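Just so you know, all these numbers are worked out from the coordinates, no wet-lab data involved. For clarity, every value in this text was computed on a predicted model and none was experimentally measured. Neighbour counts are summed over all protein chains in view; Cβ atoms, including those assigned to glycine, are modelled from backbone coordinates with ideal geometry.
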Amino acid sequence: MKRLLVANRGEIALRIVRAARALGIESVLAASAADRDSLAAREADRTVILGPAKASASYLNPNLIVHAAKSTGCDALHPGYGFLSERAGLARLCEEHGIAFVGPTPQSIEQVGGKIAARELAQAAGVPLVPGSGKLDSAADAVAFAEQVGYPVVTKASAGGGGRGMVVAQDAQQLREGFERASHEAQEAFGDGTLFLERFVQTARHIEVQAMGDGHGTVLHFGERDCSSQRRYQKMVEEAPGAILPQDVRVRLHESAVRLLSSIQYRNAGTVEFLYDVERREFYFIEVNARIQVEHPVSEMICGVDLIQMQLRVAAGQPLPLTQAQIAPRGHAIEVRVIAEDPDRNFAPSPGRITRWHPPGGDGVRLDTAMFEGAMVPPFYDSMIAKLIVQGADRQQAVLRLRDALANFCIEGIATNLPLLRHIAAHADFQNNRISTRWLEQVLLPSYAKR
């Protein structure tokens, strides 16, 4: 691998550019017109403009992206996360043009990309599943299945996540009323309205396992993350390890993730997501994310690795640089997503120019961002502008460092969710790890509104 096309933007594009430079690989940033002056563009060896700001004319155009790679002499392409990172079509185009795709094979992406197919794969690998259905053709089919497993149940979109197509139903009437709405939402978001149904776990934690495969059946894991602090199914706070887990459950969780990915000879970075039923002390497979994820830095912090550099090495055909025995997670890390939105105005986006940028520092503090004083936050894309990561010897120290770092983070010129993040870090439930996937919406946000 000599020259890498970076087909993304923001902090992950900058992170990839720097990882490539550390390995002696040239980088070419494929950017939209809105990102021509970004920090990633400044640090890349070269920048090519894909097209206008509209994502469909730039970051979501696979033919244009592969053409940019070919025309600039790139022999590899990193899609980052989001955009086309989990599209088998982009990976296949890269293969056809002799470009190394920094990610899974097209076949693996297809195998885990649809949630129904992924459930079947997990079942074949002996990974625990929430009782659920296959493809549902109608609300009547959904009600019939719900009567078998019992309420409450939740609808899910086969083609994607992020809360789109999800409706929790406590009874048949709610399920009938929500089914068509969920299907329409999934169709609008993913171009596929196919739904399936699962039993809804009342007190749940969202636990996921970070993995890396060599494409020949060897898969390593880098511990688990607890991503239970969510708003509308979007993660806001992520931690590693999952301190709630009993050790025997943790071991079985890791084994399940590795067994699942090994069964398809998975290559490169991937995350296996689970729902942990606190009351039953049982975990259930949710899905596989066939890419690097936003929250990967907490795994890096506790394991002492650079997962982006490892991605590049694997894509270049090199063996995994570690054995499982050499991966020894230490301490506790927490990541919060700093977003250009106003929690006091129903989380309205807040694009604009940053007039003051004073990030925190100190022991155990890391900031992944492409922002700086004077930078423009465009209105066209996801509004996350930074990831603040802290690490401590244990969770208690990590929480204290998070509180201090948030208190010393100053951003002016735009509204951000920093006040909400400070409220989360100061809440007794969070400090004592008494949360669930519904805690933020049911407990934290009402208390924030009354502050």
If the label point is 7 Å along Cα→Cβ of residue 23, which residues in the range 289-314 have backbone nitrogen under 13 Å from it? 306-314
Calculate the FRET efficiency for residue 180 and residue 97 from the Cβ-Cβ distance with a Förster distance of 60 Å, rounded to the nearest 0.05. 0.90
Counting other C-beta atoms within 10 Å, which of 336, 102, 48 has the fewest, and how do the rest follow? 48, 336, 102
With N set to the number of residues, divide the alpha-carbon radius of gyration of the range 204-449 by 2.2 N^0.38 Å and report two decimals. 1.02
Please report, in whole Å³, the volume per residue of the convex hull around the C-alpha atoms of the range 178-253. 166
The correct pair for the range 3-102, radius of gyration to one decimal and Dmax as a whole number, both in Å and from Cα atoms, is 11.8, 32
Could you please report the charge total around residue 53, scoring K, R as +1 and D, E as -1 over all other residues with beta-carbon less than 12 angstrom from its beta-carbon? +2
Tell me the mean residue ellipticity at 222 nm calculated for the chain from its helices only (DSSP H runs of n ≥ 4, each -39500 (n - 2.57), averaged over every residue, nearest 500). -9500 deg cm²/dmol
Put in order of increasing Cβ neighbours within 10 Å, starting from the fewest, 292, 25 give 25, 292
Taking the Cβ of residue 431 as the centre, find all other residues whose Cβ is under 12 Å away and add up their charges (Lys, Arg: +1; Asp, Glu: -1). +2
Counting every C-alpha pair in the range 189-228, the percent lying more than 11 Å apart is 77
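Which three semi-axes in whole Å describe the equivalent ellipsoid of the range 131-199, each the square root of 5 times a Cα gyration tensor eigenvalue, listed largest first?
18, 11, 10
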For the pair residue 358 and residue 400, how long in nm is the line joining their label points, each one 7 Å along Cα→Cβ? 2.4
In the range 323-410, what GluC sites (Glu not before Pro) fall in a loop by DSSP, with at most 14 other Cβ atoms inside 10 Å? 373
Here the gain from full extension of residue 451 to residue 346, 0.36 nm per residue of separation minus their alpha-carbon distance, amounts to 36.3 nm
Linear extension gain, residue 248 paired with residue 57, 0.36 nm per residue minus alpha-carbon span: 63.9 nm
Quick one: if you take sqrt(5λ) for each eigenvalue of the C-alpha gyration tensor of the range 69-129, what semi-axes come out, biggest first, whole angstrom? 28, 10, 8
Exposure-ranked with fewest Cβ neighbours within 10 Å first, 221, 97 stand as 97, 221
Taking only the C-alpha atoms, wrap a convex hull around the chain and report its volume per residue in Å³ as a whole number. 137
Hey, what did the range 369-432 get for relative contact order, percent, Cα under 8 Å, at least 6 apart? 23
May I ask you to list the residues of the range 1-36 whose amide nitrogen lies under 11 Å from a point 7 Å from Cα along the Cα→beta-carbon direction of residue 316? 1-4, 20-26
I need the calculated FRET efficiency for the pair residue 37 and residue 232, taking r as the beta carbon distance and R₀ as 41 Å, to the nearest 0.05. 0.80
